[in-house]
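Peer 1: Encoded as structure tokens, here's the structure I'll be asking about.
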Amino acid sequence: MTSSIDNARRTLEARASGLVFPHGFVFGAATAAYQIEGAPDADGKGESIWDRFCRVPGVIVDGSSGDVACDHYHRWKEDIAVLKALGLGAYRFSLAWTRLLPEGRGQANARGIAFYDRLIDDLLEAGIEPYATLYHWDLPQALQDRGGWYSRETAIAFADYARLAARSYGDRVKRWTTLNEPWTFCWSGHATGEDAPGLRDGVKGGVTASHHALLGHGLAVPAIRAEVADACVGIVFDLNVSEAATDDPRDVAAARRFDGAQNRWFLDAVFKGAYPQDMLALYGDLLPPIQAQDNEIIAAPVDYLGINIYRRSVIAAGDELAPLSYRRVQPEGIYSAVDYEIWPRCMYDILHYVNDRYSPPAIYISENGVATMPETVGEDGCVWDDLRAAYYVDHLEQVAKAAAEGVPVRGYFAWTLTDNFEWAYGYTTPFGITHVDFATQQRHIKYSGGVYAMIARQETAPVAKSA
Ligand code: BGC
């Protein structure tokens, strides 16, 4: 007898197998160094701001850190085996700046460089294309001690690091991302303080860090191209459409300001060569000095835009971060374990928003996924994460729809390959399509991984059970 759960799974799998993507569409999974690697001081690695931040009592809900995480530094082969079992053609990962340059600049660390050589070689051997991200939030502490992203020097150091990475791996790695989510690391790290380096300097902090991070990006693009003639270089922004909670003009204006801070500030700078006028006026004397050539540097042409998208933003007037002065509204609905509304249409909306206004040459969904409460492998040997499996089908349906309408979306990366260290949430809100038992480090592909693999392989066979 088949239960209603079985029926629901069969229905979901049928929808998954019916999804059609343009020829050559890339399916991958994404991770980030600090969230998976562990080994914080192995082989000469220097301290990063996340190594330091996690030591501050109370900042991580379960008091944990990325000290061990998925022990990927020693188990990368197991993770490549998982990618292979899933049949994914691409892997997006980040390099830890402090493995290559323990002090952030100066003396390079050959043993740290060698780690990513091993990883890249094994990926290529497995037929998986590496997509390298240079900065996923783990600034060298030595640079933080000199002002971090408040200093233009950090932008220059970032470009030097980009050059070193491109020189080291560019013979094999052609897909390069400079920064992952400057909105998040600049604002959560410098305005509100829930991420490293934990500064609570309000709008002035967020916007100052943002400008220097974008400057670092703009300097890094030609540095990478100088080393790797056939490099495909881009940047990843966390974007989502900002909707006014009501049609009250005060809410409409707040939603516009929020859109300006999270979306237009970054997109205009990179794709239009100037920050949006309304935001410059709003920030006023909270802005850092912007030098004459900065706009041009930041607008260095890119080959693609990566979009990380997890939700929409419903915004009302409020008192957060004056003069942005907004409040996030939580409409009735279904929410993930990190309190993000599950709203698949956000995917379609942001793809059109970006394409209509900025026409990037190509777009990748560089992250999308959902957090649940901690899961366990059941007695049947499966992790039945039905909510996550449905999340992927629902969101990929929206990607396919936008692609069919001509939006140049070329690939999709699930966030994330394995359960890992979810920043301030520690290990309490897993996002993986693969379960990790952190006591034994055993990996176990979840039901969502099986369903995602079916889509990635453009298979039509039903997924019988979690792999
Ligand atoms: C980040 C990831 C993070 C994910 C889920 C993104 O903002 O790039 O590092 O784990 O969202 O919160």
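Peer 1: Could you list, in sequence order, the residues of region 381-414 that are open to solvent by 20 Å² or more (accessible area, probe 1.4 Å) and either basic (Lys, Arg) or at pLDDT below 95 (or both)?
Peer 2: GLY381, LYS401, ARG410
This table checks each residue for (1) touching a Leu at 6+ places or on another chain (Cβ under 9 Å); (2) free of Cβ contacts under 8 Å to residues at least 40 places away in the same chain; (3) under 20 Å from GLY87 (Cβ atoms).
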{"site": "GLY369", "(1), (2), (3)": "no, no, yes"}
{"site": "VAL377", "(1), (2), (3)": "no, no, no"}
{"site": "LEU417", "(1), (2), (3)": "yes, no, yes"}
{"site": "GLY432", "(1), (2), (3)": "yes, yes, yes"}
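Peer 1: I've got another one for you. Need the failing condition index for THR31 against (1) more than 16 Å from the ligand (Cβ to nearest atom); (2) under 16 Å from ARG75 (Cβ atoms), just the number.
Peer 2: (1)
Peer 1: Output the number of residues of region 14-51 satisfying the condition of being surrounded by fewer than 17 Cβ atoms within 10 Å (Cβ to Cβ) and either within 20 Å of the chain's Cα centre (by Cα) or more than 27 Å from GLY450 (Cβ to Cβ) (or both). Let's see the steps before the verdict.
Peer 2: Start the filter on region 14-51 by keeping residues that are surrounded by fewer than 17 Cβ atoms within 10 Å (Cβ to Cβ), which leaves 14-15, 18-20, 22-24, 41-44.
Add one more test, that the residue is either within 20 Å of the chain's Cα centre (by Cα) or more than 27 Å from GLY450 (Cβ to Cβ) (or both), and what stays is 41-44.
Looking only at that region, the number is 4.
Peer 1: For HIS211, indicate whether it is outside any loop (DSSP other than H, G, I, E, B) and either surrounded by fewer than 18 Cβ atoms within 10 Å (Cβ to Cβ) or within 16 Å of the ligand (Cβ to nearest atom) (or both). Outline the logic, then answer.
Peer 2: Values: outside any loop (DSSP other than H, G, I, E, B): yes; either surrounded by fewer than 18 Cβ atoms within 10 Å (Cβ to Cβ) or within 16 Å of the ligand (Cβ to nearest atom) (or both): no.
Taking the combined requirement at face value, the residue does not satisfy it.
Peer 1: Hey, another quick one. Of the residues in region 3-62, how many are assigned to a loop (DSSP other than H, G, I, E, B) and of a type in the set (Ser, Thr, Tyr)?
Peer 2: Here is the first cut: in region 3-62, the ones assigned to a loop (DSSP other than H, G, I, E, B) are 3, 18-25, 31-32, 37-41, 45-47, 54-62.
Subsequent filtering for residues that are of a type in the set (Ser, Thr, Tyr) retains 3, 31.
So the count comes out to 2.
Peer 1: Then there's this: So for region 75-90 (the condition being hydrophobic (A, V, I, L, M, F, W, C) and within 16 Å of the ligand (Cβ to nearest atom)), does at least one residue qualify?
Peer 2: Our first condition is that a residue be hydrophobic (A, V, I, L, M, F, W, C); within region 75-90, this holds for 76, 80-83, 85-86, 88, 90.
Imposing the further condition that a residue be within 16 Å of the ligand (Cβ to nearest atom) reduces the set to none.
The answer is no; no qualifying residue exists.
Peer 1: Sticking with this one: Within region 320-377, take every residue that is out of contact with any helix residue (DSSP H, G or I) (no Cβ under 8 Å at 6 or more places or on another chain), of a type in the set (Val, Ile, Thr) and farther than 18 Å from ALA389 by Cβ and give me the one that is most open to solvent (accessible area, probe 1.4 Å).
Peer 2: That would be VAL329.
Peer 1: Specify which of the listed residues (LEU83, LEU101, LEU124) is at pLDDT 95 or above, closer than 21 Å to GLY28 by Cα and touching a Phe, Trp or Tyr at 6+ places or on another chain (Cβ under 6 Å). Steps first, please.
Peer 2: Values: LEU101 fails: closer than 21 Å to GLY28 by Cα; LEU124 fails: touching a Phe, Trp or Tyr at 6+ places or on another chain (Cβ under 6 Å).
So the residue among LEU83, LEU101, LEU124 that is at pLDDT 95 or above, closer than 21 Å to GLY28 by Cα and touching a Phe, Trp or Tyr at 6+ places or on another chain (Cβ under 6 Å) is LEU83.
Peer 1: Please give the strands (runs of 3 or more DSSP E) falling wholly within region 356-467 in which 2 or more residues are within 16 Å of the ligand (Cβ to nearest atom), over 20 Å from ILE5 (Cα atoms) and of a type in the set (D, E, K, R).
Peer 2: Working: elements: 363-367, 409-415, 434-437, 442-445.
Of the strands (runs of 3 or more DSSP E) lying wholly inside region 356-467, none has at least 2 residues that are within 16 Å of the ligand (Cβ to nearest atom), over 20 Å from ILE5 (Cα atoms) and of a type in the set (D, E, K, R).
Peer 1: Could you check, for region 132-141, whether at least one of its residues is touching a strand residue (DSSP E or B) at 6+ places or on another chain (Cβ under 6 Å), aromatic (Phe, Trp, Tyr) and surrounded by fewer than 24 Cβ atoms within 10 Å (Cβ to Cβ)?
Peer 2: Within region 132-141 (the criterion being touching a strand residue (DSSP E or B) at 6+ places or on another chain (Cβ under 6 Å), aromatic (Phe, Trp, Tyr) and surrounded by fewer than 24 Cβ atoms within 10 Å (Cβ to Cβ)), the answer is no, since none of the residues qualifies.
Peer 1: Sticking with this structure for a sec: Residues in region 333-350 that are away from the ligand (no atom under 16 Å from the Cβ) and in contact with a strand residue (DSSP E or B) (Cβ under 6 Å, 6 or more places away or on another chain): how many?
Peer 2: The initial filter retains those residues of region 333-350 that are away from the ligand (no atom under 16 Å from the Cβ), namely 333-334, 344-345, 348-349.
Narrowing the set further to residues that are in contact with a strand residue (DSSP E or B) (Cβ under 6 Å, 6 or more places away or on another chain) leaves 333.
Result for region 333-350: 1.
Peer 1: Kindly indicate which of SER188, SER168 is open to solvent by 10 Å² or more (accessible area, probe 1.4 Å) and either in a loop (DSSP other than H, G, I, E, B) or within 16 Å of the ligand (Cβ to nearest atom) (or both).
Peer 2: Numbers: SER168 fails: either in a loop (DSSP other than H, G, I, E, B) or within 16 Å of the ligand (Cβ to nearest atom) (or both).
When all the criteria are applied, what remains is SER188.
Peer 1: Considering only residues that are under 25 Å from the mean Cα position of the chain (by Cα) and touching a residue at least 60 places away in the same chain (Cβ under 8 Å), look in region 269-287 and name the one that is farthest from ARG311 (Cα to Cα).
Peer 2: Ranking the qualifying residues of region 269-287, first place goes to LYS272.
Peer 1: Please indicate, with yes or no, whether at least one residue in region 90-104 is out of contact with any helix residue (DSSP H, G or I) (no Cβ under 7 Å at 6 or more places or on another chain) and surrounded by fewer than 21 Cβ atoms within 10 Å (Cβ to Cβ).
Peer 2: Taking every residue of region 90-104 in turn, none turns out to be out of contact with any helix residue (DSSP H, G or I) (no Cβ under 7 Å at 6 or more places or on another chain) and surrounded by fewer than 21 Cβ atoms within 10 Å (Cβ to Cβ).
Peer 1: Now for a different question. Could you list all residues from region 60-73 that are touching a residue at least 60 places away in the same chain (Cβ under 8 Å) and away from the ligand (no atom under 16 Å from the Cβ)?
Peer 2: Listed by number, the residues that qualify are GLY63, VAL68, ASP71.
Peer 1: For region 191-205: of the residues being among the charged types (D, E, K, R) and without any contact (Cβ under 8 Å) to a residue 24 or more places away in the chain, which is most open to solvent (accessible area, probe 1.4 Å)? Spell out how you get there, then give the answer.
Peer 2: First, pick out the residues of region 191-205 that are among the charged types (D, E, K, R): 194-195, 200-201, 204.
Filter once more, keeping what is without any contact (Cβ under 8 Å) to a residue 24 or more places away in the chain: 200-201.
Numbers: ARG200: 175, ASP201: 77 Å².
Filtering region 191-205 for residues that are among the charged types (D, E, K, R) and without any contact (Cβ under 8 Å) to a residue 24 or more places away in the chain, the one most open to solvent (accessible area, probe 1.4 Å) comes out as ARG200.
Peer 1: Further question: Has region 248-256 got at least one residue that is outside any helix (DSSP H, G or I), open to solvent by 10 Å² or more (accessible area, probe 1.4 Å) and at pLDDT 95 or above? Steps first, answer last, please.
Peer 2: Taking region 248-256 as the starting set, the residues that turn out to be outside any helix (DSSP H, G or I) are 248.
Among the residues that remain, those that are also open to solvent by 10 Å² or more (accessible area, probe 1.4 Å) are: 248.
After this cut, where a residue has to be at pLDDT 95 or above as well, the list is 248.
Yes, region 248-256 contains at least one residue that is outside any helix (DSSP H, G or I), open to solvent by 10 Å² or more (accessible area, probe 1.4 Å) and at pLDDT 95 or above.
The values are calculated or read from the model by the stated rules, or taken from the named source; none is laboratory data. Here the structure is a predicted model, which is why all the values come from computation and not from measurement. All Cβ positions, even for glycine, are placed from backbone atoms using ideal geometry, and neighbour counts span all protein chains on display. Surface accessibility is based on the protein's heavy atoms, side chains included, excluding ligands, DNA and RNA. Shrake-Rupley method; radii C 1.70, N 1.55, O 1.52, S 1.80 Å.
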